[in-house]
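Here's the structure we're looking at; comments come further down.
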Amino acid sequence: MSAADFPQVVRSGERAWADEAIRIITAEANRSADTHLYSVPLPEQWGIELFIKDESTHRSGSLKHRLARSLFLFGLVNGWIGPGTTIVEASSGSTAVSEAYFARLLGLPFIAVMARSTSEEKIRLIEDFGGSCLLVDHPGEVYSTAEEVARTTGGHYMDQFTYAERATDWRGNNNIAESIFQQMSREKHPVPEWIVVGAGTGGTSATIGRYLRYHRHPSKLAVVDPENSAFYPSWRDGDPELTTGMPSRIEGIGRPRVEPSFVPAVIDAMIPIPDAASIAAMRHLKRYANLDAGPSTGTNLWGVWQLIAGMVARGEQGSVVTLMCDPGNRYACSHQSDAWLAGKGLDPSPHERTIERFLDTGVWEPFAE
């Protein structure tokens, strides 16, 4: 047989482009330091430590930087993204900001489909990273609109709500759970009693919950959920088809439907959080620990305070870890604005007093709405 008789390998230009795109994204990750894990002081006599992992320090400014990187790599290795592919995403804002950043790294056009209520600051950030925004009147319209835009442009719909739980390696490989445990390794209580997160896609809770089980850590996973979201009542009732038809007022978390990436079986506890309490905890954090965070971080913290209150009441010691999801300056015209809160009928002040009283007395007496 001659050489011509053997199978020939043809390396396409698209494959070479994808190789270079993957190199660019992994090089960006290699240049990036890990995010800080801050210790937040609590009364010493409690014997409890609180840590906040600050995901706002990523280059694109939020927890969603990790997800966006994973989604791009997932799309590239599956052959869904090629040279010139228009990237389309349905988002409440932060994922779109991060995806716009990575699209610009690869020289790809990016379109974010978002609700018209998305904060002006997030829209500006997407545009600053070279993306464009298509705003719809109701959050439930983002899915079908994004699919249609991808179809008409010949682009790729990233669909974070479906692929978040599978694009990230939950066994390790520098995911957020592995990072938390590495950073906690020299603390007095290196294995947290609780890790507390919110759910937007459900990808973060799925990754952390699976990691805890795979590595047989005794840590428990609590997921907090804002008003109008379908996740908590679905988890409580065991109904994956439950919908609310209502938008979340806490950007980045809470959905009107149960997203495909939400994995309820890995969650040990879910805590519904009033929106005013989320704002209160966000504001209190800035005064108490000089950390300026967005409202979804406040949702995390209101859940954290309740869990710590339970530990104090039972005389338990240990550590609790939660996430700072994005910075407060993204919400200057919304959740940080007294006028905006008044227009939404939200009064955080009684809830702020609940937190302050708890830290003074160790007794949790929440304001009754």
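Of all lysines in the structure, those lying under 25 Å Cα to Cα from K64, and not within fewer than 8 positions of it along the same chain, are K53, K122, K220, K286.
Computed over neighbours whose Cβ is under 13 Å from that of L67, the net charge equals -4, Lys and Arg +1, Asp and Glu -1. Sorted largest first by accessible area at a 1.4 angstrom probe radius, with every protein chain in place, the residues T297, T204 fall in the order T204, T297. Reducing segment 177-207 and segment 42-113 to their Cα centroids gives an inter-centroid distance of 18 Å. Highest average first, the peptides 326-336, 305-315 ordered by how many other beta carbon atoms sit within 10 Å of their residues are 326-336, 305-315.
Here's the picture: charge each Lys and Arg Cβ at +1 and each Asp and Glu Cβ at -1 in segment 269-369, and of N300, G343, A276 the one pushed furthest to the positive end of that dipole is N300.
Net charge of the neighbourhood of I279, taken over other residues with C-beta under 11 Å away and scored Lys/Arg +1, Asp/Glu -1, is -1. Taking a point 7 Å from the Cα of L37 along the Cα-to-Cβ direction, the residues of segment 150-172 with backbone N closer than 18 Å to it are 170-172.
Charged neighbours of N78, selected by a Cβ distance under 13 Å, balance to 0 (K, R count +1; D, E count -1). Placing +1 on each Lys and Arg Cβ and -1 on each Asp and Glu Cβ, with no other charges, gives the chain a dipole about its Cα centre of roughly 680 debye.
Restricting the count to DSSP beta bridges whose residues both fall in the chain, what percent are antiparallel, rounded to a multiple of 5? Of the beta bridges lying entirely in the chain, close to 15 percent run antiparallel. Take 101-113, 145-157, 257-269 and order them by the average number of nearby Cβ atoms within 10 Å per residue, most first; the result is 101-113, 257-269, 145-157.
Overall shape: oblate for segment 301-369, with the ratio a/c of the largest to smallest alpha carbon gyration tensor axis at 1.5 or above and b/c at least equal to a/b. Taken per residue, the accessible surface of segment 63-164 reaches 35 Å², heavy atoms only and a 1.4 Å probe. So I have (i) 20.3; (ii) 21.9; (iii) 21.3, and one of them is Kirkwood radius over Cα pairs in Å calculated from this model. Which one is it? Of the listed options (i) 20.3; (ii) 21.9; (iii) 21.3, (iii) comes from this structure. Given a 1.4 angstrom probe, I'd like the percentage of the accessible area of segment 63-164 that is carbon and sulfur, rounded to a whole number. Ligands and nucleic acids excluded, carbon and sulfur give 49 percent.
Would you be so kind as to identify all helices of the chain, as entire DSSP H runs, whose Cα atoms reach 24 Å or more along the helix's own axis and whose mean Kyte-Doolittle hydropathy is at least 0.0?
Details: long enough: 13-31 (27 Å, -0.55); 295-314 (29 Å, 0.38).
Qualifying helices: 295-314.
Bridging of K188 to aspartates and glutamates at a Cα separation below 15 Å is possible for E44, E49, E316, once same-chain residues fewer than 8 apart are set aside. Given +1 at the Cβ of Lys and Arg, -1 at the Cβ of Asp and Glu and no other charges, the dipole of segment 156-248 around its Cα centre is 540 debye to the nearest 20.
As a calculated quantity, the FRET efficiency between S337 and S132 at R0 = 41 Å, using C-beta atoms, amounts to about 0.95.
Give me the dipole magnitude in Debye, nearest 20, for segment 63-164 about the Cα centre, with unit charges on the beta carbon: positive for Lys and Arg, negative for Asp and Glu.
Working: 8 positive and 11 negative charges, 69 e Å.
The calculated dipole for segment 63-164 is roughly 320 debye.
The values are calculated or read from the model by the stated rules, or taken from the named source; none is laboratory data. Note that the structure is a prediction, hence the values are computed from the model and not measured. All Cβ positions, glycine included, derive from the backbone under ideal geometry; neighbour counts span all protein chains shown. Accessible surface is based on the protein model in full, side chains and every heavy atom, while ligands, DNA and RNA are left aside. Shrake-Rupley method; radii C 1.70, N 1.55, O 1.52, S 1.80 Å.
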